[in-house]
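The values are calculated or read from the model by the stated rules, or taken from the named source; none is laboratory data. Since we're looking at a predicted model, the values are computed, not measured. Here the Cβ is made from the backbone with ideal geometry for all residues, glycine too, and neighbour counts use every protein chain on show. Side chains included, ligands, DNA and RNA excluded: accessible areas come from the protein's heavy atoms. Shrake-Rupley method; radii C 1.70, N 1.55, O 1.52, S 1.80 Å.
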Amino acid sequence: MRLFALIKKEFLAIKNDRRSMFVVIVPPLLQILIFAFSVTLEVRNVNLAIFNQDSSQHSKELITSLESAKFVKEINMVYSLEEGKKLITNQDVMAFLIIPKNYALGKESLGIILDGRHSNSAQIINGYIEQSILPNDLVNFRSFYNPNLDNFWWIVPNLACSIVMIMAIVLTALSIAREKEIGTFDQILVSPLTPFEVLVGKLVAPLFIATFLSIIVTAISYYLFKIPIVGNLLLLYFGMAVFIFSICSVGLFISCVSSTQQQAILWAFVFLLPSIMLSGFATPIANMPSWLQPVSDFVPLTYHIKFVKGIFLKDISPAQSLSYLLPMFAFGVTFFLISLAVFKKSVLK
């Protein structure tokens, strides 16, 4: 009964702290709406310059295919290399395509000059151009799990996982730190509750609240952004709970070592930023240096992003999901035990 009383107290404390509730709930929900439209690796409205030295029908068809490409805004026909280079220098175009005289005969290949000042966009545009000019009878492109290469299908699950992580760690990191700051921590220490019961009580309320909010984020992903959920919905929620447990355990540790809520927030973001950068949120882990890639194995968000996309887009089985769930659960248990050791040390002071 005393444990349930502590859990009830934590729910009430979070409910009554309206400022913290606003910070934890409102901005993340707005972020998934804003970032889903702003965070994209797609390149649109590109201006191209073309120097066509070949008057064949083949070169005209190539230009026509580029004009109809969805990434192209405008094509500028130029009549010299200098004119095309000047357009790139002045940032009037992102790419300059040179069609040589003997292109139709297959004796010379196309030349592409890109604006290297925007290296990432330049690489993407180069891929777009190559895909647009390949003969249809040579290559038939097809993408598994995201057939239309919809950007929302890639970014929204990533954002949902990251936003849930932020909500979970902030809610938990503030719990014990709040008690220390307002001066009620000593009352907990002299209560009949054991350190284990105190930490469980501090863990349960953020776990339930973050899980509920994750359901809202999932509903936004499905109904607003039309991300399909082809897998088991119950397995998805179970995996979310396991992930939130692992993050809340980190939040408990941060709360145990923090004296104020401000310190807790700062330490939370010290954990959040590397987690997002190393999880494959924005760039594939395979693109990282070989010495850095193993570090991502110790980031719960790495497994959760793969798990959520597996449920959303691939319909992975419960057996397949274990490779993601077990590391997250082990991470959570480890940090819970570390938090317990740190909390016991503070009790014995």
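Could you tell me whether the range 306-329 includes any residue that is loosely packed, with under 14 Cβ neighbours inside 10 Å, farther than 30 Å from Val230 by Cβ and aliphatic (A, V, I, L, M)?
No; the residues of the range 306-329 include none that is loosely packed, with under 14 Cβ neighbours inside 10 Å, farther than 30 Å from Val230 by Cβ and aliphatic (A, V, I, L, M).
Restricted to the range 40-56, and to residues that are over 17 Å from Asn126 (Cα atoms) and at pLDDT 85 or above, which residue is farthest from the chain's Cα centre (by Cα)?
By that ranking, first place goes to Gln53.
The conditions are (1) of a type in the set (Val, Ile, Thr); (2) within 20 Å of the chain's Cα centre (by Cα); (3) modelled with pLDDT of 90 or more, and Ile254 fails exactly one of them. Which is it?
Condition (2) is where Ile254 drops out.
Does any residue in the range 259-272 that is open to solvent by 50 Å² or more (accessible area, probe 1.4 Å) come within less than 8 Å, Cβ to Cβ, of a residue that is of a type in the set (Asp, Glu) and at pLDDT below 90 six or more places away or on a different chain, and which pairs are these?
Ser259/Glu181
Output the number of residues of the range 7-39 satisfying the condition of being polar (S, T, N, Q) and at pLDDT 75 or above.
Final tally of qualifying residues: 1.
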